[in-house]
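Some notes on the structure that comes next.
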Amino acid sequence: MPRILAIDYGIKRTGIAVTDDLQIIASGLTTIPSETTIAFLANYFAKENVTKVLIGEPKQMNGQPSESATVIDKFVIQFTTAFPEIKVERVDERFTSKMAFQTMIDSGLKKKQRQNKALIDEIAATIMLQDYLTRKMI
């Protein structure tokens with residue numbers, strides 16, 4: 001079965017998570033500089049079978065797009081142009097960074113380790129993907 005990949009795209013960094021072959025468990029893959037995302041994904045897609053990509057959709061509490069939405073919308077256009085065969089699904093990414101930070105605290109990571117913003121982005125992508133998988137099973 002092909003994998004599903006989740007992207008927490010940001011202005012500086014992009015967190016990436018991926019499912020196992022059975023699409024049951026989400027795992028953090030990496031965090032990369034955002035300007036390298038398309039090249040990284042081209043290399044990854046050449047090695048792995050991915051049929052769907054989830055891309056976070058940042059929203060404010062009232063449901064309106066946040067300030068970073070225009071940057072992410074531009075990335076979605078780049079992605080769909082580069083990989084037209086891969087289905088893209090936008091998912092609400094509200095609270096994923098806060099949930100990622102709380103996960104780091106709950107895991108017992110030291111304060112210095114919790115300041116690693118790259119790890120927060122990767123965990124946020126993993127939370128986004130696992131939430132999608134859970135909703136898909138219901």
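The values are calculated or read from the model by the stated rules, or taken from the named source; none is laboratory data. What you see is a predicted model; the values in this text were computed from it and never measured. Glycine gets a Cβ as well: all are built from the backbone with ideal geometry, and neighbour counts include every protein chain shown.
Annotations for the structure displayed:
- Qualifying residue in segment 57-67 (condition: surrounded by 11 or more Cβ atoms within 10 Å (Cβ to Cβ) and either at pLDDT 75 or above or under 15 Å from I7 (Cα atoms) (or both)): yes
- All positions within segment 1-18 that are of a type in the set (D, E, K, R) and surrounded by fewer than 22 Cβ atoms within 10 Å (Cβ to Cβ): R3, K12, R13
- Flag for M128 being under 17 Å from the mean Cα position of the chain (by Cα), part of a helix (DSSP H, G or I) and modelled with pLDDT under 75: no
- Options I16, I38, I72: the member that is of a type in the set (A, V, I, L, M, F, W, C), in contact with a helix residue (DSSP H, G or I) (Cβ under 6 Å, 6 or more places away or on another chain) and closer than 16 Å to A124 by Cβ: I16
- Filter result for E89 (assigned to a loop (DSSP other than H, G, I, E, B) and at pLDDT 70 or above): no
- Of all the residues in segment 7-31, those that are β-branched (V, I, T), out of contact with any Lys or Arg (no Cβ under 8 Å at 6 or more places or on another chain) and either farther than 18 Å from E89 by Cα or not in a strand (DSSP E or B) (or both) number 4.
- Candidates in segment 24-50 are the residues that are more than 15 Å from the chain's Cα centre (by Cα) and within 25 Å of K136 (Cα to Cα); of these, the one that is surrounded by the most Cβ atoms within 10 Å (Cβ to Cβ) is F45.
- Residue within segment 32-53 that is assigned to a loop (DSSP other than H, G, I, E, B), under 23 Å from E85 (Cα atoms), in contact with a Leu (Cβ under 9 Å, 6 or more places away or on another chain) and modelled with pLDDT of 95 or more present: yes
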